[in-house]
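I have placed the structure first, in the form of structure tokens, so that the comments after it can refer back to it.
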Amino acid sequence: METTELEQQPEEVAGHTTVPAPEKRFQNAIRLVVGVLVLLILISALPGLNLRFAGDRLQTFTTIFLGIFIEAVPFLLAGSLVSGFIAVFVDQNTIARYVPRRAVPAAFTGALMGFAFPVCECGVVPVTRRLYQKGLPLPVGIAFLLSAPVINPVVLVSTYAAFGFGPVLIGRYVLTFIIAFLVGLVFHFAKPAEVLRPPEETGIGLPDSYHAPEAAAKGEKRAWTAVVTAADDFLDMARYLIIGSMLAAGMQTFVSQALLLQFGGAPVLSVVAMMALAFVLSICSTVDAFLALSFAGTFTTGSILSFLVFGPMVDIKSAMMFLGVFRRRIVLYLILLPLLFTLLFALIINLFLT
Amino acid sequence: MTVSKFDAVVWSVMALLAGLVTAVIFLGSRVGLAVVGQTPPPGAAHVSTQTQIRVQFEDTLDSAPDTAVTLSPFISGATRLEGDTLIFQPAMPLTPDTVYDVVVNAGVQGENGRTLHDPLTWQFQTGQPRILFIKPDPEGPDQLFVADANGRQPPVQLSQAYATVLDFAVAPDSSQIAYTVFTNDQQMSGTADLWLMNADGSNQRMLLACPEAMCSRPVWTPDGRRLVYERREILNPGAPPGNPRLWWLDVSSGQTVPVFQDSQLLGLFAAISPDGRWLSYVSPTDQGIQLYNLEDGSGLLVPNKMGTAVSWHPRSEEIALADIVTAETDWGVVITAVSIPDGDVTMLSRSEQGGLDVDDSNPAWSPDGNRLAFGRKQARSAMGRQLWLMDADGTAVVPLSGDPDIHHSAFFWSPDGRTLLYQRYNLKELYAQPGVWVIDIQTGQTTEIAYPATQPAWLP
């Protein structure tokens, strides 16, 4: 049986200690985003460089940014805590024993793991990253990453509250499962080294002071280590969340959403519009059903489903957070594959099933 | 940059997905707007000459060409969209006993972007208009009956009411009948409810319960969605009904509201113009006929001393009504026409000598609006009222009946304008009851439809 690179070098990965984070790269990214935003604000104030108008835009941007960031932070914190405790309390043997490695069972398991780790799209990234560090097979992690924001009890309840038991609820869960499963299968052909960013780039690991055998003897010490690890994870992923939230806020400030909303009844364009909207809005999967409900009267069923399926898998902020786990090329794949699958299924629903 | 096996797999999958998306869009664009059902159904016979053509689609409709529906033999009409249904309203009643070919042309578009790719065609055959009336029954409650216009077949009972049927109104498309039924058998309480049934007598159900009022004289709006009816509150059981007020009733939801916010406004004998823009009613408070514009809320008062129902011109251009006219030494009741919305009054009927010694009533416009049927007797005489005809300008006044012992009333033109339906009553007969008759306008031949029978109406 073919084994992954992580399996071959578990000690190397697990024994890795904290590496200085790429602060300079992060600072450059922040500078670039802020610079582009300032430029956009000034351009939008033209002609005549209406500074008051620019001030209004800046205020709008700030409000949206804070809205997205504050909404996401608790979930990222929860995900980071789970990640920290996984780092300390879950060993590789447990994962090796219980998680299937063959492609189909692995993707199947990953697509349903959200019920064991109920996290939204912000929290799922650090958890996935930590599970990969513990030797989780790639298809399991990818399927989990894409499905967990929807296939979990919290989102099940919120979607039911918004739409009741019917085609939207069923469609959301069936499509999310199928897409996550299929993308997970695709990643069975990959090797961890070509998918995951190397530890020395991500800085993932345990604190230098942590030594497992000694810590194992003291449960208190292990819990504290988990919290410290969670804090590291949180701060590490929060950088990507900040950039993603800024980009999402910028898109919402400067790109007219009314343009997207005029395609509500068109079977093809409505799907494209709602997927674009989901990507731009970057709304948390725990509450997105209530927003989708407001479109239910004017948008096609397929487009509503595409919003509810694609948005939790990939949006601007989660795509940025993917960069903390995956190589850039892989992040592109993680955007395009769910996009194409969702587009295909939503079009089939619109054109042939409704 | 080297391309790994994984990259190759991913790009292959994405290429496959892109191809599938393209194929789905291409094939999806060829999926047309599906039809759920048609009215009248394909192959239907004995269809009402008043029928609408209705086609229900799978989706809410967005647009349709002006010529979306064509009938052969040709008849003009208006097309409109209501939710997922395309409706063609013929401008004139269809011809009886005629096979019609319906074509719904391609181009009808749903809100989801799908269009009807291929024309939809089917056939149906119209029947002969039938006649509705209430048949008094000394043994039980009066019921609603239907009979053929040739009078050869015995009438068929339609309603199965537990108490007397007071009055009724046929829906504009002749598919349903609203009718008034006393609440209980004894009729002591005086309360009456509104009921609804299909034109074939099926699906009889209560439309509006009026436990503390007499709700009666329903009148349909031309779109068949609402009724206006008279409501007389009964404050105590057994007390006489109070003053009439007009109320709206939504047929599908059963929701009912007063026509006017001012609860003191009285109204009776409501009628709605064929174009649906005007509501006319007798206003005892104003001593005249009030015309209320349903679109802009404007009003027009036509002074009238008779206080009887008006007849609307088929094109909603004017109303005809009977009114008392006085001169220095003479007075009579004549038919007048009032133009809408100007309110200009034209006296149409006079005696043959040009005087006012006539007592005219019950004007009824012919379907083409060119003639009027009305009842006439000599003023201040005890003779029976006769059936007369005149042109719309008041000329060519001719009698159709001439028996002073028979009283004629309640005139209704057949949809083709060839026959008049009326009620007659023998004044000389001691225990006479009213009967329902028809007269062929060309030949003058009369036919008894039912006896005893009252309140005749066509079921086109």
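Values as computed for the structure displayed
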| read-out | value |
| --- | --- |
| Residues located in the stretch B:346-372, provided they are among the hydrophobic types (A, V, I, L, M, F, W, C), surrounded by 15 or more Cβ atoms within 10 Å (Cβ to Cβ) and part of a strand (DSSP E or B) | B:Val358, B:Ala364, B:Trp365, B:Leu372 |
| Candidate set: the stretch B:5-20, residues that are at the interface with chain A (Cβ under 7 Å from one of its Cβ atoms) and within 60 Å of the chain's Cα centre (by Cα); chosen: the one most open to solvent (accessible area, probe 1.4 Å) | B:Leu20 |
| Residue ID - nearest to the other protein chains (Cβ to nearest Cβ), chosen from residues in the stretch B:131-145 that are buried (at least 19 other Cβ atoms within 10 Å of the Cβ) and out of contact with any Ser or Thr (no Cβ under 9 Å at 6 or more places or on another chain) | B:Leu132 |
| Residue count for the stretch B:21-53, restricted to those that are within 14 Å of chain A (Cβ to nearest Cβ) and of a type in the set (Ser, Thr, Tyr) | 2 |
| Cβ pairs under 6 Å, 6+ apart, first in the stretch B:380-395 and open to solvent by 50 Å² or more (accessible area, probe 1.4 Å), second in a strand (DSSP E or B) and of a type in the set (D, E, K, R) | B:Met383/B:Lys377; B:Asp391/B:Arg371 |
| Near pairs, Cβ below 7 angstrom, 6+ apart or cross-chain, from the stretch A:288-307 (under 17 Å from B:Gly113 (Cβ atoms)) to any residue that is open to solvent by 40 Å² or more (accessible area, probe 1.4 Å) and in a helix (DSSP H, G or I) | A:Thr301/A:Pro167 |
| Residue ID - modelled with the lowest pLDDT, chosen from residues in the stretch A:204-235 that are surrounded by fewer than 20 Cβ atoms within 10 Å (Cβ to Cβ) and of a type in the set (Gly, Ala, Ser) | A:Ser209 |
| Counted residues, the stretch A:68-91 - those being open to solvent by 40 Å² or more (accessible area, probe 1.4 Å) and either hydroxyl-bearing (Ser, Thr, Tyr) or part of a helix (DSSP H, G or I) (or both) | 11 |
| Check on B:Gly276, modelled with pLDDT under 95, more than 21 Å from the chain's Cα centre (by Cα) and open to solvent by less than 60 Å² (accessible area, probe 1.4 Å) | no |
| Answer from B:Asp7, B:Asp66, B:Asp62 - the residue that is closer than 24 Å to B:Asp275 by Cβ and either modelled with pLDDT under 85 or not polar (S, T, N, Q) (or both) | B:Asp66 |
| Breaking point among (1) at pLDDT 90 or above; (2) among the charged types (D, E, K, R); (3) within 22 Å of the chain's Cα centre (by Cα); (4) more than 21 Å from B:Thr256 (Cα to Cα), for B:Asp142 | (3) |
| Any pair with Cβ under 7 angstrom, 6 or more apart, that starts in the stretch A:115-130 at a residue that is of a type in the set (Phe, Trp, Tyr) and ends at one that is open to solvent by 10 Å² or more (accessible area, probe 1.4 Å) | A:Phe115/A:Pro153; A:Phe117/A:Val82 |
| Of residues in the stretch A:297-346 being among the hydroxyl-bearing types (Ser, Thr, Tyr) and either within 11 Å of the chain's Cα centre (by Cα) or open to solvent by 10 Å² or more (accessible area, probe 1.4 Å) (or both), the one farthest from the other protein chains (Cβ to nearest Cβ) | A:Ser318 |
| Verdict on B:Gly375 being in a strand (DSSP E or B) and either touching a Ser or Thr at 6+ places or on another chain (Cβ under 7 Å) or at pLDDT below 95 (or both) | yes |
| Test: residue in the stretch A:271-287 that is surrounded by fewer than 23 Cβ atoms within 10 Å (Cβ to Cβ), within 12 Å of another protein chain (Cβ to nearest Cβ) and either farther than 22 Å from A:Ala111 by Cα or in contact with a strand residue (DSSP E or B) (Cβ under 7 Å, 6 or more places away or on another chain) (or both) | yes |
| Residue match in the stretch B:378-394 (condition: under 22 Å from the mean Cα position of the chain (by Cα), aliphatic (A, V, I, L, M) and part of a strand (DSSP E or B)) | no |
| Considering residues of the stretch B:305-314 that are at pLDDT 90 or above and farther than 15 Å from B:Leu246 by Cβ only, the residue surrounded by the most Cβ atoms within 10 Å (Cβ to Cβ) | B:Ser311 |
| Every residue from the stretch B:74-112 that is at pLDDT below 90 and acidic (Asp, Glu) | B:Glu82, B:Asp84, B:Asp97, B:Glu111 |
| Which numbered condition B:Gly375 misses (of (1) touching a residue at least 12 places away in the same chain (Cβ under 8 Å); (2) surrounded by fewer than 21 Cβ atoms within 10 Å (Cβ to Cβ); (3) small (Gly, Ala, Ser); (4) more than 30 Å from B:Ser175 (Cβ to Cβ)) | (2) |
| Filtered residues of the stretch B:53-98 (kept if of a type in the set (Val, Ile, Thr) and open to solvent by 20 Å² or more (accessible area, probe 1.4 Å)) | B:Thr60, B:Thr67, B:Thr70, B:Ile75, B:Thr79, B:Thr95, B:Thr98 |
| Test set (1) surrounded by fewer than 19 Cβ atoms within 10 Å (Cβ to Cβ); (2) within 14 Å of chain A (Cβ to nearest Cβ) - B:Ala106 fails condition number | (2) |
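Residue-wise test of (1) part of a loop (DSSP other than H, G, I, E, B); (2) touching a residue at least 12 places away in the same chain (Cβ under 8 Å); (3) open to solvent by 50 Å² or more (accessible area, probe 1.4 Å); (4) not aliphatic (A, V, I, L, M).
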{"site": "B:Asp342", "(1), (2), (3), (4)": "yes, no, yes, yes"}
{"site": "B:Ala410", "(1), (2), (3), (4)": "no, yes, no, no"}
{"site": "B:Trp437", "(1), (2), (3), (4)": "no, yes, no, yes"}
{"site": "B:Thr443", "(1), (2), (3), (4)": "yes, no, yes, yes"}
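Yes or no, residue by residue, for (1) free of Cβ contacts under 8 Å to residues at least 12 places away in the same chain; (2) over 18 Å from the mean Cα position of the chain (by Cα); (3) over 30 Å from B:Leu86 (Cα atoms):
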{"position": "B:Val165", "(1), (2), (3)": "no, yes, yes"}
{"position": "B:Gln204", "(1), (2), (3)": "no, yes, no"}
{"position": "B:Gly224", "(1), (2), (3)": "no, no, no"}
{"position": "B:Pro241", "(1), (2), (3)": "no, yes, yes"}
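The rows are residues; the columns are (1) open to solvent by 40 Å² or more (accessible area, probe 1.4 Å); (2) not β-branched (Val, Ile, Thr).
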| residue | (1), (2) |
| --- | --- |
| A:Phe165 | yes, yes |
| A:Leu169 | no, yes |
| A:Thr176 | no, no |
| A:Ile179 | no, no |
| A:Leu182 | yes, yes |
| A:His188 | yes, yes |
| A:Lys191 | yes, yes |
| A:Arg197 | no, yes |
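The values are calculated or read from the model by the stated rules, or taken from the named source; none is laboratory data. Computed from a predicted model, the values in this text were never measured in an experiment. Cβ coordinates were reconstructed from backbone atoms using ideal geometry, including for glycine residues, and neighbour counts include every protein chain displayed. The protein model used for the area step is the full one, side chains on, heavy atoms only, and it has no ligands, DNA or RNA in it. Shrake-Rupley method; radii C 1.70, N 1.55, O 1.52, S 1.80 Å.
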